[in-house]
There are 2 protein chains.
Amino acid sequence: MKQRSFAARLDHVSGAAVKDIISMMVDPSITSFGGGSPANESFPIAEIKEIVNQVLTDSPYELLQYGKTEGYLPLREAYLEHIVLPKGVRADVQNVITVSGGTQGFDLATQAFVDPGDVVLLESPTYLTVFNVLRKLGAEIVAVKTDENGIRIDDLEEKIQRYHPKMLYAIPTFQNPTGRTLPVERRKRIAELAGEYNLIVAEDDPYCELRYRGEALPPIKSFDTSGNVIMLSSFSKTISPGIRVGALVADHDIIEKMTDIKQCSDTHSTNLTQAICAEYLKRGLLPGHIESIRPMYLARMNAMLDGIRQYFPKNIRYTDPDGGLFTWVELPGKELPGDVDTRVIVKESVAKIKVGFVPGSPFFLDPAEGKNCLRLNFSSNTPEKISAGIKSLGDLLCEIVR
Amino acid sequence: MKQRSFAARLDHVSGAAVKDIISMMVDPSITSFGGGSPANESFPIAEIKEIVNQVLTDSPYELLQYGKTEGYLPLREAYLEHIVLPKGVRADVQNVITVSGGTQGFDLATQAFVDPGDVVLLESPTYLTVFNVLRKLGAEIVAVKTDENGIRIDDLEEKIQRYHPKMLYAIPTFQNPTGRTLPVERRKRIAELAGEYNLIVAEDDPYCELRYRGEALPPIKSFDTSGNVIMLSSFSKTISPGIRVGALVADHDIIEKMTDIKQCSDTHSTNLTQAICAEYLKRGLLPGHIESIRPMYLARMNAMLDGIRQYFPKNIRYTDPDGGLFTWVELPGKELPGDVDTRVIVKESVAKIKVGFVPGSPFFLDPAEGKNCLRLNFSSNTPEKISAGIKSLGDLLCEIVR
C-alpha cells in the first residue's frame, strides 16, 4: 500500500496515550484508576430527561434549527450569572462563548493566538491532551516547574523572560494530573505577569466545583486587569461529559476571534445539550446537585488515600487533594534512571493484579521525568473496589520499590 | 487599548460574510433568500421527542458518560447500513467516523492532510466557509473552473498538473451555491484522477438526499479504487442542523488520523444527538421523512423558478436545479466591471424592498468574479412569500440591469 502523505504538522500528534487509558477502562475485569471520568452515579438523569422534554416542547424550532456560533443565549446568560459572576469575575454576556467541552475551548484559544513556532508554557506535569492540541498547531512547548502547590512563580517568570511566550496554559484547581491547588498569592501574581509581559493565560478550571473540603479560591481571571486571562469552564465534571458543553469568559475581541474560528470548525455547538445546561442552571439545580455528589466523591477519595497510606511503600510522595478526581504518586527512584518505570509497571499491574492506572510519562514534555509517577483516579469506582485495588497495587509496588 | 497579538494565520479569516447572512435572517421584516437552512416545518419534532426520551431511558450512562472519539457505534453502524452501502460505496464500520456536522468533517480532513503552503483545489464558486477553513491552516487555494454541469475536468487536470495539489474539495450534488449537479462521467473521472495523481478528494454531499426530480447519482466515492476519496455526509439538511451531527466514510488510516485530530479538538461529538440520529435511521424513518418534505420543497423551488422566469430581467442565466436548497443567478455585465455589483444591490434590496439574498462575491476566491451573481435559497419561505419577494426583487433588478 502506498504511503499516505498526511500533514507533517501531525508527525508528533498521537492518540496512543488516550487509547491506552480507554482500553483499560472498557475491560470489566480490570479495576481502572486510569480514567478521568465523573462517576456514572453522579449524573442527574431524571432531571435531564424532564428538562430535555420541556425544552423541546417550549422551543423546538430554535433548538433544531441552526444556532449562533457564539452559543445559545440562555446558556451564555446562565453561565455568567451562576458560574462567572459568583467567582468575582467582572464580565457581561459579550464576554462569553459556549464550546463543545473544555478541550475545544483550549483548542480555539490556541488557534486564536498561536502561530507555528510560538512558545506556549505549560505546568509540568499537565493534562496530556494539550500536548497534541499545541503540536498540531506547530507550537513550541516549554514546561514550567511545579512544586507541591503547583506552578512555581520564579521559574515561570524566568521562562517568560527567556522565551517570550504567547501563552500559558494552567489548571489552578485540583490540577490534572497532580490534584494540586494553586494558592491565592500565586494566582494573583500570574494575573499580574499576564499584564506585565502581554502573556495570554488560558486558565482551565473544570474541577473547581468538585471541592470536598476547605474554602473555594478565586480564579486567576478574578485578578485580571489586563484582559489577557481566558477562563475555561466545563459542565463535563458537574453535569455530564457526554453532552459536550463548556463555556469560557474573556475580553470581547478574543471572543470575536474565537467565534470566527469556531464558525469554520463546527459552526456551533449542539443546541439541545446547551439548552439542557441552561435550564439546569436557571432552575438553580447545580449547587444542590454538587452538594449531593460531594459525600460520594469524598468517600472514594478517602478510601484511596487511606489505602495509599496503609499499603503503598513508605518512601513515596503523594497528593492529599481537597477535591477533583485525582491523586498523584511519586515513587522513589527518580534519580536512578532505569530503576523504576511506571510504563512497565502498569503492564505488570494490569496482567497480574488486574489494576490499571496512568503512568506519569505522558503528562510530561520530557517523558523520562514522569517515569516514577502515576496518576490515580478515585471518582470511577466504589470505596470497596478502591480499597481492594489500592491494596493489590500497593503490594505490587512494595515488591518493585524496596 | 493595546493591539492584541492574534495569530497571523488568521489575518485572512473573517466571519463577516456569514454574519451578514445571519443578520438578514433574524430581522422578521425581511424576506430572506440568504440563508442555507432547512425549513422549520421539515423538522421531525414529535419523533425526536419520543426518541430522546427512549434513548435516555435505555442507555442513560452510555449517553451521559464520555463517548468514543470515532463516534457512537450504533450511529456509525446505522450510517453505514442506511446511507453509505445503498449508494454503492464499499465500506465497513472501521471506515466511518461521526462528526459535529459537515463543516467539522471537512475541517478534520483538511487538518489531516494540509500543511501550510499546500495547494487545495476548489470548485469556483463554492461553499464560502471552506475559504476560512483552508486559510486558518495556511493552505494555498486554487479555484477550478466550472460550467453549468459543475467542475470542468479539463481545467481540473490542468491545475492538478500545474499545482500538484494535496486535495480537491467538491460538492457534486445540488452544489452550494450554484445548485448544479455533476454528471456521472465527471464523477468517475474525478475518482480516477484521485488515484492517478495521489490527490485526496473531499466529496461533500449534504444535499444529495433532497432530490425533487430525476434519478439519484452515485457519489464519487462509489468509483474510488485508490482510497483517496473521503465522502462527507450530514444530517443537518435531512433531520436537523441544530443537533450538529454528520459522518464520513474513508480508508481506515484516514479515519484513524482524523480520530487523533478530533480527540484534541473536541474529544467526541455529543452522544445524545448521535443517538437520536442512530435511532431515527434504525427505525427506518429517514426515507419516509424525506418523502414527506419533498413536495414542500418542490413547491417552494417552483415558486422561485416561476418568479424568476416571470419577473427577472430576460438576459440573465440561472440554475434550474433538481434538488437542494439553492438556485444561482448570473446577471449580465460580468464583462463590464463596475457596471453591476450584487454587494451593492443587496443593500438597496434590503433597504428598499425588504428582500435579502447572498451576493456572489464571497463564494469566489477572486471576489470580482462573483459581482454579477446572487445565491437564492428557496427552502426557508412559503411559496407565497417567495412569489412576492421574487417579484419585488425582479422589479428592482429590471431597473438596475437594463
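Distance from the alpha carbon centroid of the stretch B:241-272 to that of the stretch A:222-247 works out to 23 angstrom.
Using only helices, what value at 222 nm comes out for chain A when you add -39,500 (n - 2.57) per DSSP H run of length 4 or more and divide by the total residues, to the nearest 500 deg cm²/dmol?
Only helices count here, giving -12000 deg cm²/dmol.
For the protein assembly as shown, the alpha carbon positions stretch 90, 56, 52 Å along the principal axes, listed from largest to smallest.
Sorted from nearest, the other copies put their residue B:54 label points 2.5 nm away, the label point being 7 Å from Cα in the direction of Cβ. Applied to the stretch B:84-98, the Karplus parametrisation 6.51 cos²θ - 1.76 cosθ + 1.60 on θ = phi - 60° returns per-residue 3J(HN,Hα) values of 6, 4, x, 8, x, 8, 8, 6, 10, 5, 5, 9, 10, 10, 8 Hz, with x for Gly and Pro. Of all chain B residues, the one whose Cβ lies closest to the rotation axis that maps B onto A, given with that distance rounded to whole Å, is B:270, 2. Students often get this wrong: which residues of the stretch B:220-237 have the backbone nitrogen under 12 Å from the point 7 angstrom along Cα-to-C-beta of residue B:145? Output list for this probe position: empty. Helix B:252-263 and the long axis of chain B differ in direction by around 80°, with both axes built from C-alpha atoms. Would you work out which of B:268, B:198, B:280 lies farthest towards the positive end of the dipole of the stretch B:174-308? Charges go on Cβ: Lys and Arg +1, Asp and Glu -1. Of the options given, the answer is B:280.
Of interest is the spacing of the C-alpha centroids, which for the stretch B:273-288 and the stretch A:130-159 amounts to 45 Å.
Note on the stretch B:259-402: Rg/Rh from Cα positions, Kirkwood definition for Rh, rounded to two decimals, is 1.11.
Rounded, prolate or oblate: which one fits the stretch A:76-135, using the alpha carbon gyration tensor with axes a ≥ b ≥ c (rounded when a/c is under 1.5, else prolate when a/b beats b/c, else oblate)? Note, shape of the stretch A:76-135 comes out prolate. Under 5 Å between amide hydrogens, built in the peptide plane, is the criterion, and for residue B:140 it picks out B:117, B:118, B:119, B:120 among residues at least 5 positions away or on other chains. Distance between the 7 Å Cα→Cβ label points at residue A:12 and residue A:29: 3.9 nm. Our coupling estimate for the stretch B:284-296, obtained by passing each phi through the Karplus curve with A = 6.51, B = -1.76, C = 1.60 and θ = phi - 60°, is x, 7, 5, x, x, 5, 5, 4, 6, 8, 4, x, 4 Hz, Gly and Pro reported as x.
Subtracting the Cα-Cα distance of residue A:185 and residue A:92 from their residue separation scaled by 0.36 nm leaves 30.9 nm.
Each principal axis of the Cα cloud of the stretch B:177-239 was evaluated for its coordinate range; sorted largest first, these ranges are 35, 22, 20 Å.
Tell me whether the stretch B:1-57 comes out rounded, prolate or oblate; compute the Cα gyration tensor, take square roots of the eigenvalues as a ≥ b ≥ c, and use a/c under 1.5 as the rounded threshold. Can you show the working numbers first?
Working: a/c = 3.57, a/b = 1.67, b/c = 2.13.
It comes out oblate by the Cα gyration axes.
Placing +1 on the Cβ of every Lys and Arg and -1 on the Cβ of every Asp and Glu, with nothing else charged, gives the protein assembly as shown a dipole about its Cα centre of roughly 260 debye. For the protein assembly as shown, carbon and sulfur atoms together expose 51% of the accessible surface, with a 1.4 angstrom probe and every protein chain in place. Take the Cα of residue B:317, go 7 Å toward its beta carbon, and the backbone nitrogen atoms of the stretch B:372-391 under 19 Å from that spot belong to B:372-376. Note on residue A:162: accessible area is roughly 130 Å² with a 1.4 Å probe, heavy atoms of protein only. Simple rule: put +1 on each Lys or Arg Cβ and -1 on each Asp or Glu Cβ in the stretch A:1-118, find the dipole, and look at A:99, A:63, A:73; the Cα lying farthest toward the positive end is A:99.
Within a 10 angstrom radius of each residue's Cβ in B:57-66, how many Cβ atoms of other chains show up on average? Whole number is fine. For peptide B:57-66, the averaged partner shielding equals 6.
Past the 22 Å Cα-Cα mark, which pairs from A:166/A:257; A:262/B:136; A:136/A:188; B:221/B:257; A:19/A:49? Over 22 Å Cα-Cα: A:136/A:188; A:19/A:49. Around the amide H of residue A:146, modelled in the peptide plane, lie the amide H atoms of A:124, A:152, all under 5 Å away and 5 or more residues distant in sequence or on another chain.
Any chance you could give the angle, 0 to 90 degrees and rounded to 10, that helix B:102-113 forms with the longest Cα principal axis of chain B? It is inclined by approximately 70 degrees.
Computed log10 I(q)/I(0) for the stretch A:8-92 at 0.24 Å⁻¹: -1.09, from the Debye equation with unit scatterers placed on every C-alpha and solvent omitted.
Pull up the cross-link candidates among the lysines for residue A:314, meaning alpha carbon to alpha carbon under 24 Å and not fewer than 8 places away within one chain. Those lysines meeting the cut-off are A:334, A:347, A:352, A:354, A:371, A:385, A:391. Total buried accessible area between A and B, probe 1.4 Å, nearest 100: 6800 Å².
Eigenvalues of the alpha-carbon gyration tensor of the stretch B:344-402, scaled by 5 and square-rooted, set the equivalent ellipsoid semi-axes at 21, 15, 9 angstrom, largest first.
The listed residues A:164, A:82, once ranked by accessible area (1.4 Å probe) with the largest placed first, stand as A:164, A:82. Scanning residues 5 or more positions from residue A:201 or on other chains, those with amide H under 5 Å from its amide H are A:168, A:229, A:230, with H placed 1.01 Å from N in the peptide plane. Taking the Cβ of residue A:158 as the centre, find all other residues whose Cβ is under 12 Å away and add up their charges (Lys, Arg: +1; Asp, Glu: -1). Net local charge, residue A:158 excluded: +1.
Over the whole of B:239-252, what's the average partner chain Cβ count within 10 Å per residue? Rounded to a whole number, please.
Per residue, the number of nearby Cβ atoms from other chains is 4 on average.
With a 10 Å cut-off around each Cβ of A:3-15, the average count of Cβ atoms from other chains is 6. Evaluated at q = 0.08, 0.11 Å⁻¹, the base-10 log of the normalised Debye intensity for chain A, with identical point scatterers placed on the Cα atoms, takes the values -0.43, -0.82. Note on residue B:81 and residue B:366: the extension gain reaches 98.5 nm, defined as 0.36 nm multiplied by sequence separation minus the Cα-Cα distance. Which shape class, rounded, prolate or oblate, goes with the stretch A:185-294 when its Cα gyration tensor gives a ≥ b ≥ c as root eigenvalues, a/c under 1.5 marks rounded, and past that a/b bigger than b/c marks prolate? Oblate, because a/c is 1.5 or more while a/b does not exceed b/c. For residue A:292, what accessible area in Å² do you get when you roll a 1.4 Å probe over the heavy atoms of the protein chains, rounding to the nearest 10? About 80 Å², ignoring ligands and nucleic acids.
The values are calculated or read from the model by the stated rules, or taken from the named source; none is laboratory data. Everything quoted here is computed from the prediction, not taken from an experiment. All Cβ positions, even for glycine, are placed from backbone atoms using ideal geometry, and neighbour counts span all protein chains on display. For the accessible areas, the whole protein counts, side chains as well, though only heavy atoms, and no ligand, DNA or RNA atoms are used. Shrake-Rupley method; radii C 1.70, N 1.55, O 1.52, S 1.80 Å.
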